[in-house]
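A quick write-up on the structure given underneath.
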Amino acid sequence: MQNLILCCTFAENFKEMTRKNSNPDKTVDVVLIGAGIMSATLGMLLKELQPDITIEIFERLDVAAAESSDAWNNAGTGHSAFCELNYTPQQPDGSVETKKAISIAESFEVSKQFWSFLVKSKLVKSPETFIKSIPHMSFVWGEENVDFLRKRYEKLQESDLFKGMIYSEDFKQLAEWMPLVMKDRSATEKVAATRMELGTDVNFGALTRMMFSKLQTRPDVKLHFHHDVKKLKQKNGLWEVKVKDETTGQKRTVKAKFVFIGAGGGSLPLLEKAGIPEGNGFGGFPVSGQWLKCVNPDIIEQHNAKVYGKASVGAPPMSVPHLDTRMIDGKKALLFGPYAGFSTRFLKNGSLLDLPLSIKANNIRPMISAGLDNIPLTKYLIAQVRQSPEDRMAALREYFPGAKMEDWELETAGQRVQVIKKDEKHGGILEFGTEVVTAADGSIAALLGASPGASTAVSIMITLMERCFSDKIKTPQWQQKLKQMIPSYGESLNGNTQLTDNIRTQTTHALGL
Ligand SMILES: Cc1cc2nc3c(=O)[nH]c(=O)nc-3n(C[C@H](O)[C@H](O)[C@H](O)COP(=O)(O)OP(=O)(O)OC[C@H]3O[C@@H](n4cnc5c(N)ncnc54)[C@H](O)[C@@H]3O)c2cc1C
C-alpha cells in the first residue's frame with residue numbers, strides 16, 4: 001500500500017515537473033525587447049517601483065548596448081540644450097524659441113537625479129565610469145550667426161536652467177576656451193561662442209551594461225542574449241511574444257501582461273507586427289552616421305570641450321557638426337562629426353531589407369508624402385554619401401583649421417531611424433524627435449525615433465509608465481518611490497530657482513561632476 005502511495009506521489013510530481021519543463025507558455029509581468037538604454041532604464045525603474053515584478057529581456061545580439069547605446073555609436077553628449085543650436089530655432093520674426101531647449105534641459109536633470117539614485121544605492125558602480133564634466137560650447141562665425149547666438153544666449157538667460165552660461169565674441173577668450181578651433185583663424189573674423197561648465201559627456205553604453213548587470217542579479221529578472229523577437233500577438237488579454245534562440249535555433253513563446261518594444265531601429269517592424277491600431281501610419285527613414293576619430297594623443301590633449309556648430313542647409317537636425325571631447329573607458333578621446341549617410345538598414349547589425357519590408361499599405365502614403373516634402377534632406381544625404389576623405393577634412397577644418405588627414409580615422413556611428421508620421425495636411429511628416437506609441441489598453445508600448453535620445457531616457461520612460469501603468473503610478477507606494485529616486489518628480493524646475501539649485505547641488509555631488 002505504502003509503495004502504491006509513493007508511486008502515485010512520484011507520478012504526480014513527475015507530471016508536474018514535465019508540465020513545468022515542457023510548458024514554454026509561461027506568463028511574465030513584463031517583456032522588454034532589446035537591451036539598450038531604454039529597456040535598461042524601464043527595467044530598473046519598474047523593479048525599484050515593484051520589487052516582485054517578473055521581467056524577461058530579449059536581445060538579439062550577444063551583449064547589451066551594442067547598437068545606438070554603445071559609446072562609439074553615439075556622441076555621448078548629455079543633451080541639456082546648452083550647446084545644441086537646433087533645439088532653439090530662430091523664428092521668422094528673428095526671435096529665438098527656447099521651449100524645446102527648456103524641456104530637454106529639464107529632462108536631463110531628471111536623468112541625472114535617477115543616475116544619482118542608482119549611484120547612491122550602489123545599483124551602479126562609481127559615476128566616473130559613465131559620466132564626466134565637460135564644458136558645452138556653441139561656436140558660430142559670420143555676422144548673422146553671431147547675432148543669432150547672442151539672441152539665443154539672452155533668451156536662455158530668462159531660465160535658471162541656463163544660469164552660468166557665458167557668452168563671448170572676444171577672440172582671445174575663445175582661444176583660451178578652444179585653442180584648436182581658434183588657431184590659424186584670422187583675428188578679424190566675426191566669431192562668437194557660449195560656454196556652459198555644467199555640460200557632461202556620458203558613456204551610455206557603460207551605464208546601460210551596468211544597469212543590466214544589476215538587473216540580472218535581481219529575483220525574477222531574466223536577460224536572454226542571442227534571442228531575436230520574431231512575432232507578437234495579443235490573445236486573451238496577454239501578449240504572446242515569439243522568440244528564436246539564435247544559438248540553438250529553438251523557438252518559444254513567452255506570454256506577457258506588458259511588452260516594451262525598446263528595439264531601437266528594430267522597433268518599427270515589431271510595432272507593425274504587433275498590429276495595434278495606434279501603430280498605423282508610422283514609417284521609418286534610416287540615417288546612418290560616421291565620425292572622424294582623432295588618433296593623435298597630442299591633439300586630443302589640446303581640446304577640452306564639446307563644441308557644437310550650426311547645421312548646414314538641408315541637414316537633419318542631428319547632423320549638427322561638433323568637435324567633441326569624449327571620455328570612454330577612462331581614456332580621453334576626440335571626435336568630429338557626424339557625417340550623415342544613407343543605408344536601408346534600421347540597425348547597424350540589421351538587414352538591407354529593413355526599409356523595403358517596413359513599407360505597408362497603412363504607411364505608404366505618409367512615407368511618400370514625407371519623401372516629397374523633404375527634397376533638401378534627400379539632396380543633403382546624397383551629397384554626404386558622395387563625400388571624399390578630402391571633403392570630410394574640409395568640413396573638419398571649418399572647426400579645426402589646422403587638422404591633418406593623418407591624425408584622423410573614419411568610424412561608423414550608430415544607425416538612426418527617423419519617424420515618419422501620418423499628417424492630416426501633408427499626408428506624412430518626417431520627425432526628428434522620439435515618439436512613444438502605446439496601445440489604448442496600455443498593454444504594449446514602442447519607442448520610435450532617436451533624438452534627444454539616451455539623455456532623456458528617464459523622462460521618456462516615466463511618460464511611458466504614466467500611460468501604461470496609469471493605476472499603479474498613482475498609488476502612494478509608487479509616488480513615494482518616484483520622489484525618492486527623482487526628488488523633483490511632479491514639479492517643474494524651470495521657474496523654480498531654489499529647487500533647481502538644490503537638485504543641481506545634489507546631482508553634481510553624487511555624480512562627482
Ligand atoms: C550617431 C548618433 C549620435 C547620437 N548622439 C547622442 C548623444 O550625443 N546623446 C544622446 O543622448 N543620444 C544620442 N543618440 C541617440 C541615442 O544613442 C539613442 O536614443 C539611444 O541609444 C537609443 O536607445 P535604445 O535602447 O532605444 O536603442 P538601442 O541602443 O539601439 O538598443 C536596441 C536594442 O534592441 C535590439 N533589438 C533590435 N531588434 C530586436 C529584436 N527583434 N529582438 C531582440 N532584440 C532586438 C538591438 O540589437 C539593440 O541592442 C545618438 C544616436 C546616434 C545614432
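The values are calculated or read from the model by the stated rules, or taken from the named source; none is laboratory data. Everything numeric in this text was worked out from a predicted model, so none of it was measured. Every residue, glycine among them, receives a Cβ derived from its backbone with ideal geometry; neighbour counts consider all protein chains shown. Remember, those area values only see protein heavy atoms, side chains included, never the ligands or the DNA or RNA. Shrake-Rupley method; radii C 1.70, N 1.55, O 1.52, S 1.80 Å.
For the reader, a short list of remarks on this structure follows.
- Selection count where residues are open to solvent by 40 Å² or more (accessible area, probe 1.4 Å) and over 15 Å from PHE285 (Cβ atoms), scope region 396-431: 11
- Residue within region 79-89 that is within 14 Å of the ligand (Cβ to nearest atom) and open to solvent by 10 Å² or more (accessible area, probe 1.4 Å) present: yes
- Failed item, numbered, when LEU448 is tested on (1) surrounded by fewer than 22 Cβ atoms within 10 Å (Cβ to Cβ); (2) assigned to a strand (DSSP E or B): (1)
- Cβ-Cβ under 7 Å pairs, at least 6 apart or on other chains, region 202-226 side closer than 14 Å to ILE328 by Cα, far side at pLDDT 95 or above and among the aromatic types (Phe, Trp, Tyr): VAL202/PHE130; ASN203/PHE130; ALA206/PHE130; LEU207/PHE130
- Filtering region 310-322 for residues that are in contact (Cβ under 8 Å) with a residue 60 or more places away in the chain and either within 20 Å of LEU464 (Cβ to Cβ) or in contact with an Asp or Glu (Cβ under 6 Å, 6 or more places away or on another chain) (or both) leaves an empty set.
- Residue check for ASP29: more than 22 Å from the chain's Cα centre (by Cα) and part of a loop (DSSP other than H, G, I, E, B): no
- For region 254-358, the strands (runs of 3 or more DSSP E) that sit wholly inside it and include 3 or more residues that are more than 12 Å from the ligand (Cβ to nearest atom) and in contact with a helix residue (DSSP H, G or I) (Cβ under 7 Å, 6 or more places away or on another chain) are 283-294, 331-341.
- For region 68-83, the condition of being at pLDDT 95 or above, outside any helix (DSSP H, G or I) and charged (D, E, K, R) holds for at least one residue.
- Close pairs from region 46-62: first open to solvent by 10 Å² or more (accessible area, probe 1.4 Å), partner more than 9 Å from the ligand (Cβ to nearest atom) and assigned to a loop (DSSP other than H, G, I, E, B), Cβ under 6 Å, at least 6 apart: THR54/ASP220; GLU59/PHE225; ASP62/PHE225; ASP62/HIS226
- Strands (runs of 3 or more DSSP E) fully within region 386-440 that include at least 1 residues being of a type in the set (Asp, Glu) and under 13 Å from PHE336 (Cβ atoms): 408-412.
- Residue among ARG386, ARG365 that alone is modelled with pLDDT under 80, charged (D, E, K, R) and farther than 30 Å from ASP298 by Cβ: ARG386
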